[in-house]
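Input: a single structure, listed below in structure tokens.
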């Protein structure tokens, strides 16, 4: 790279998209991994993926593999998949069940909490307490597993305190994983974040989502205030039912949002016909409670109408490579219902997600052109204001 990262940051013009190297350069990608993904709390998995003691799931971030392992007391441990003897991987499969963690190389044995239990032929004087597995910081919030790979993690208190009241009624830890799909995308992770945080593109590309969302359908509408008045009416109804209705928005100092919002009038849930696709999640009083929307930078996007939740997990793989994992969660008794159809659960967000992923891939290809130059973000109701906040936050993080 001919220009230094610091020079590119300094020369960025506020209100414009980022310069080409931020989406293509390997050196900047490594800085992203170091300053963003290894320093911040990131979503690494779901409790439903490891329901029983001994169940584990591997989350891979760059060169690190993290074992998310359910302990005997129900807690979740986040252990680096590296034996402390000579560095072999311990778990060779992406998921499974273990009584103990046994290194396949020399059979050192580790407890589920990472403590070294046995090391063959090392003698009585060998100090096993000095060779426990390396741990990542871990927090479990209402069924979502977050990890931080930094030695000293940033505070997660404001995020946890804000999202917990909205997620608690959904009882996601006891939900059933209805469907999981991974999308390997030829796109820089920042383009996927930017795509999710604006609806300027929605009217022209998301017919399914605009059909169900009062907010999305109001973008570019001559009467956007319709959404606001309808929203106030519905929120008052849900507040009377005891559901949290406050909205915590993003700002220069807050890199997440969470809140309850209405579907489009006449739609009970986010399905193509607006009719329920399952039983109410958790302890919700009905399916007709709008939806909880949430995003936390850098890697989780979330929407949950009354009868399912969709969780989108973003993982960077390279300067122009990313994975998006989509998880759909339903009430554990929903699949037992005679009219249950998993395709109806996934139909809106499978279509919307795949449209977004295609847009992000197209965006990457265009940015790689010799003629790409930073362009202006469009400001206004529901447009690209959040992207300006994201870019400003991102540049501060990597500086």
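The set of residues from region 101-111 being under 14 Å from residue 84 (Cβ atoms) and either touching a residue at least 40 places away in the same chain (Cβ under 8 Å) or assigned to a loop (DSSP other than H, G, I, E, B) (or both) comprises 103, 105, 106, 107, 108, 111.
Yes or no, residue by residue, for (1) in contact (Cβ under 8 Å) with a residue 40 or more places away in the chain; (2) in the same structural domain as residue 187 (by TED's automatic domain parsing); (3) part of a strand (DSSP E or B):
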| residue | (1), (2), (3) |
| --- | --- |
| 257 | no, yes, yes |
| 275 | no, yes, no |
| 313 | yes, yes, yes |
| 327 | yes, yes, yes |
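Candidates 132, 143: the one that is on the phi > 0 side of the Ramachandran plot and in contact with a strand residue (DSSP E or B) (Cβ under 7 Å, 6 or more places away or on another chain) is 143. Selection over region 139-168 of residues that are under 24 Å from residue 334 (Cβ atoms) and surrounded by 20 or more Cβ atoms within 10 Å (Cβ to Cβ) gives a count of 7. Could you say whether any residue in region 343-350 is surrounded by fewer than 17 Cβ atoms within 10 Å (Cβ to Cβ), in the same structural domain as residue 197 (by TED's automatic domain parsing), part of a helix (DSSP H, G or I) and touching a residue at least 60 places away in the same chain (Cβ under 8 Å)? Among the residues of region 343-350, not one is surrounded by fewer than 17 Cβ atoms within 10 Å (Cβ to Cβ), in the same structural domain as residue 197 (by TED's automatic domain parsing), part of a helix (DSSP H, G or I) and touching a residue at least 60 places away in the same chain (Cβ under 8 Å), which makes the answer no.
Take residue 235 and tell me if it is part of a helix (DSSP H, G or I) and modelled with pLDDT of 90 or more. The answer is yes for residue 235. The set of residues from region 1-28 being without any contact (Cβ under 8 Å) to a residue 40 or more places away in the chain and outside any loop (DSSP other than H, G, I, E, B) comprises 7, 8, 10, 11, 21, 27.
As for region 112-129, it holds at least one residue that is exposed (fewer than 13 other Cβ atoms within 10 Å of the Cβ), in contact with a strand residue (DSSP E or B) (Cβ under 8 Å, 6 or more places away or on another chain) and without any contact (Cβ under 8 Å) to a residue 40 or more places away in the chain.
Residue by residue, here is whether (1) under 24 Å from residue 301 (Cα atoms); (2) assigned to a strand (DSSP E or B); (3) touching a helix residue (DSSP H, G or I) at 6+ places or on another chain (Cβ under 6 Å); (4) not assigned by TED's automatic domain parsing to the domain that holds residue 198 holds:
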{"residue": "33", "(1), (2), (3), (4)": "yes, no, no, yes"}
{"residue": "67", "(1), (2), (3), (4)": "yes, yes, no, yes"}
{"residue": "84", "(1), (2), (3), (4)": "no, no, yes, yes"}
{"residue": "99", "(1), (2), (3), (4)": "no, no, no, yes"}
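Within region 118-173, the set of residues being in contact with a helix residue (DSSP H, G or I) (Cβ under 9 Å, 6 or more places away or on another chain) and assigned to a helix (DSSP H, G or I) comprises 172, 173. Scanning region 359-387 for residues that are in contact with a strand residue (DSSP E or B) (Cβ under 9 Å, 6 or more places away or on another chain) and in a helix (DSSP H, G or I) returns 360, 361, 364, 386. One residue stands out among those in region 307-342 that are over 16 Å from the mean Cα position of the chain (by Cα) and within 30 Å of residue 20 (Cβ to Cβ): the one that is surrounded by the fewest Cβ atoms within 10 Å (Cβ to Cβ), which is 318. Does residue 179 qualify as being touching a helix residue (DSSP H, G or I) at 6+ places or on another chain (Cβ under 6 Å), assigned by TED's automatic domain parsing to the domain that holds residue 278 and under 30 Å from residue 279 (Cβ atoms)? Answer is yes for this residue.
Looking at this structure, is residue 187 touching a helix residue (DSSP H, G or I) at 6+ places or on another chain (Cβ under 9 Å) and over 22 Å from residue 277 (Cα atoms)? Yes, satisfied. Residue count for region 180-204, restricted to those that are crowded, with 17+ Cβ neighbours inside 10 Å, over 16 Å from the mean Cα position of the chain (by Cα) and modelled with pLDDT of 95 or more: 1.
The values are calculated or read from the model by the stated rules, or taken from the named source; none is laboratory data. All of these numbers come straight from a predicted model, not from anything done at the bench. Virtual Cβ from ideal backbone geometry, glycine too; neighbours counted across all protein chains shown.
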